[in-house]
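Down below is the structure, laid out as structure tokens.
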Amino acid sequence: MHLQIHKGLSLLLWSPKNLLALKKSGEADGYVPDFNNKGEPYEVFYQLQVVVSPEDSLFEASASHNLNSLSMKSTLSDISRVNKYGSQADCIYKRNPEFRKYCYCKKQSETP
């Protein structure tokens, strides 16, 4: 069984405001930095919320986008199940309990 995106609910984008960048150092060793220079953000963050089927599972994911290297980064821990999954993933609970929030068993158990 495959999960299918049923609908996208929201996509948020944010980047650091008033980013300070190093303008110069006050001495040769660099122990007195001057951060008065306004810098451009080099990384932006995305937050996506989607509903997938079966059972209208609601997930939220976060990712970072490095504008210098044009790379995106997200980890499994950046994906959260927002709504209750109850006994939907009981078939995997004993083997891999950390995957419960992502799984939906073809055969559903009778007990919650």
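Quick look at the values:
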| read-out | value |
| --- | --- |
| So Y46, is it under 22 Å from S10 (Cα atoms), in contact with a helix residue (DSSP H, G or I) (Cβ under 9 Å, 6 or more places away or on another chain) and of a type outside the set (G, A, S) | no |
| Matching residues in region 84-108 - criterion: being part of a loop (DSSP other than H, G, I, E, B) and surrounded by fewer than 13 Cβ atoms within 10 Å (Cβ to Cβ) | K84, G86, K94, R95, N96, K106, K107 |
| Among (1) over 24 Å from K106 (Cβ atoms); (2) modelled with pLDDT under 85; (3) among the small types (G, A, S), the one test that S71 misses | (2) |
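The values are calculated or read from the model by the stated rules, or taken from the named source; none is laboratory data. Predicted model only: the values in this text are computed from it and were never measured. Virtual Cβ from ideal backbone geometry, glycine too; neighbours counted across all protein chains shown.
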